[in-house]
Amino acid sequence: MKALTLFFAATTLVSLISLAWLLGTPAPADPRVAKLETELKEARLTIAQMRRDLAARPASLPATPAPSPKTLQASPAIEAPAATRSPQATTAGALREMLKNPAMRDLLGQQQAVQIETGYARLFEYLKLSDEEKAHFKKLLVERAKTEADLGLKLLDSSLTPEQRSQIIAEGEKNKKAYDETIRGFLNDESDWGAFQKYESTRPERTQFETMGRSLFTASGEPLSTQQEDQLIDLMAQVRQNPTPEQSQLARAMSNPAQMTDANLKSLLEFQRASNARILQQAAGFLSPEQLKTLQAYQEQTLGTMESGYRMGTMLLQGRKP
């Protein structure tokens, strides 16, 4: 169950990064998305403001005096005027409302489908699926991704009791077993099931590499070969799957938004830098000097994305200053 908590924390971070990526890119030429054009433009402005807020990061906000009991009795549901509300609270509220929009959730689902199409392309090829089989398999994977993302976002509710948090994790374990059984039955071959499981063990690394890594190596003029990609992804997964006890404890803690503090985030980034150094050292055995430089740039980019993802999470879901 602890491993599942870590998995949901990673899944939620990927979802937040995906949201930021989506809002920062032009809207696709799709008639179903046209009605969201205005909302997306406003959201991009909101994301830009969030980034400015994070860059400024004032030490603290001015203290706000608590309302008197008389005021609360007179108007218990009163809301502060927009002019007096903090920019962080306004930003978070707007983005939370966007996530409730069915059309926006559909758009995010489309993005997940694209990520699965690219991230699992080589597995689809290995399994030699027909067009009909591939479409069915992709549907299963997209449904699973949506379920995981929804549960991961639920875990980032700071008001959850320990019992509620355990119930969500138990629900995730139940869903995982159900999808595993369904996919295993669909593949109907132990060798193919084994290939799928191996592929799954590197899913976070493959998703991240497809999102940011490959384009960096391609632009460098010395892209990775297929073999080098596999070696690098396997290496990164191996390092992730063998954390120190301190890393495991911190990652579990930060699956709770109440623990997403500046101090914990700083420690998390330091741990990741140490892991990156191990990866860079071992990758020297199969990457050229120029490719190692690109790998180092990729690592710095993912560190920045990790930090902004966690900070966006606190603003998006809790409406508080990170």
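The values are calculated or read from the model by the stated rules, or taken from the named source; none is laboratory data. Being a predicted model, the structure only gives us computed values, none of them experimental. With ideal geometry, Cβ positions are generated from the backbone for all residues, glycine too; neighbour counts draw on all protein chains shown.
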Exercise for review: Please verify whether the stretch 230-244 includes one or more residues that are at pLDDT below 90 and small (Gly, Ala, Ser).
Suggested key: no
Check your understanding: Which of the residues that make up the stretch 197-239 are buried (at least 17 other Cβ atoms within 10 Å of the Cβ), of a type in the set (A, V, I, L, M) and in contact (Cβ under 8 Å) with a residue 60 or more places away in the chain?
Key -> 224, 232
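Taking the stretch 284-294, which residues are among the hydroxyl-bearing types (Ser, Thr, Tyr) and buried (at least 18 other Cβ atoms within 10 Å of the Cβ)?
294, the sole residue that qualifies.
Could you go through the stretch 264-283 and let me know if any residue there is aromatic (Phe, Trp, Tyr), touching an Asp or Glu at 6+ places or on another chain (Cβ under 9 Å) and either farther than 19 Å from residue 203 by Cα or surrounded by fewer than 17 Cβ atoms within 10 Å (Cβ to Cβ) (or both).
Checking the stretch 264-283: at least one residue is aromatic (Phe, Trp, Tyr), touching an Asp or Glu at 6+ places or on another chain (Cβ under 9 Å) and either farther than 19 Å from residue 203 by Cα or surrounded by fewer than 17 Cβ atoms within 10 Å (Cβ to Cβ) (or both).
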Review point. Before we move on, is residue 171 without any contact (Cβ under 8 Å) to a residue 40 or more places away in the chain and surrounded by 12 or more Cβ atoms within 10 Å (Cβ to Cβ)?
Key: yes
**Study point:** Failed criterion for residue 148 (all others in (1) at pLDDT 90 or above; (2) crowded, with 18+ Cβ neighbours inside 10 Å hold)
**Key:** (1)
Practice item. Name every residue in the stretch 200-217 that is of a type in the set (S, T, N, Q) and either closer than 20 Å to residue 304 by Cβ or within 13 Å of the chain's Cα centre (by Cα) (or both), in order of residue number. Key: 207, 208, 211, 215
Exercise for review: Give the number of residues within the stretch 176-234 that are touching a helix residue (DSSP H, G or I) at 6+ places or on another chain (Cβ under 7 Å), among the aliphatic types (A, V, I, L, M) and more than 27 Å from residue 147 (Cα to Cα).
Suggested key: 3
Check your understanding: Taking the stretch 277-310 as the region of interest, how many residues are modelled with pLDDT of 95 or more, of a type in the set (D, E, K, R) and in contact with a helix residue (DSSP H, G or I) (Cβ under 7 Å, 6 or more places away or on another chain)?
Key -> 1
Practice item. Just one of (1) under 21 Å from the mean Cα position of the chain (by Cα); (2) assigned to a helix (DSSP H, G or I); (3) closer than 24 Å to residue 108 by Cα; (4) of a type outside the set (Gly, Ala, Ser) trips up residue 165, so point out which. Key: (3)
